[in-house]
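Below: the structure, in structure tokens.
The values are calculated or read from the model by the stated rules, or taken from the named source; none is laboratory data. Note that the coordinates shown come from a computational prediction; the quantities given were computed from them, not determined experimentally. For neighbour counting, all protein chains shown are included, and Cβ atoms are generated from backbone atoms with ideal geometry for every residue, glycine included. Calculation scope for accessible area: heavy atoms of the full protein, side chains included, ligands and nucleic acids excluded. Shrake-Rupley method; radii C 1.70, N 1.55, O 1.52, S 1.80 Å.
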Amino acid sequence: LHAVYVLVDPAGGRYAAMAYLSVRALRRAHPDARVTLVCDPPTAAAVPGFRFPLGEHLTEVRAEPADMPHPRARSFYLKTRLRDLVAGDFAYLDCD
């Protein structure tokens with residue numbers, strides 16, 4: 001199983017917390033799953049400093065450029081590009 005999430009939340013707020021809870025639940029059901037987090041560069045840089053250890057439960061963090069000013073637009077943009085960004089079969093799981 002290869003699960004892919006998209007996260008744009010450099011402050012480690014509610015969307016990052018929901019991603020953490022989802023990844024932990026996924027790990028309970030599928031401990032050997034490959035889990036990729038696709039995010040904008042500011043979020044990728046912030047993941048190690050989140051107040052919860054999201055990064056410890058990920059296989060890969062992919063920082064991809066998304067130059068839109070609003071976080072919602074950056075998230076939508078990254079979601080629409082997943083097929084180009086991630087090779088092979090995967091299941092996209094929304095953070096919320």
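Please find, within segment 26-35, the residue that is farthest from Val4 (Cα to Cα) out of those that are in a helix (DSSP H, G or I) and basic (Lys, Arg).
We begin by selecting, within segment 26-35, every residue in a helix (DSSP H, G or I); these are 26-29.
If we keep only those that are basic (Lys, Arg) as well, we get 27-28.
Details: Arg27: 13, Arg28: 16 Å.
Result: Arg28.
Select from segment 40-49 the residues that are open to solvent by 20 Å² or more (accessible area, probe 1.4 Å) and touching a helix residue (DSSP H, G or I) at 6+ places or on another chain (Cβ under 7 Å) and list them in ascending order.
Pro48
For segment 54-96, enumerate the residues that are surrounded by fewer than 13 Cβ atoms within 10 Å (Cβ to Cβ), without any contact (Cβ under 8 Å) to a residue 60 or more places away in the chain and part of a loop (DSSP other than H, G, I, E, B).
If the condition is that a residue be surrounded by fewer than 13 Cβ atoms within 10 Å (Cβ to Cβ), without any contact (Cβ under 8 Å) to a residue 60 or more places away in the chain and part of a loop (DSSP other than H, G, I, E, B), then Thr59, Pro65, Asp67, Pro69, His70, Ala87 are the ones that fit.
Select from segment 9-25 the residues that are open to solvent by less than 20 Å² (accessible area, probe 1.4 Å), hydrophobic (A, V, I, L, M, F, W, C) and either out of contact with any Asp or Glu (no Cβ under 6 Å at 6 or more places or on another chain) or assigned to a loop (DSSP other than H, G, I, E, B) (or both) and list them in ascending order.
Across segment 9-25, the qualifying residues are Ala19, Val23.
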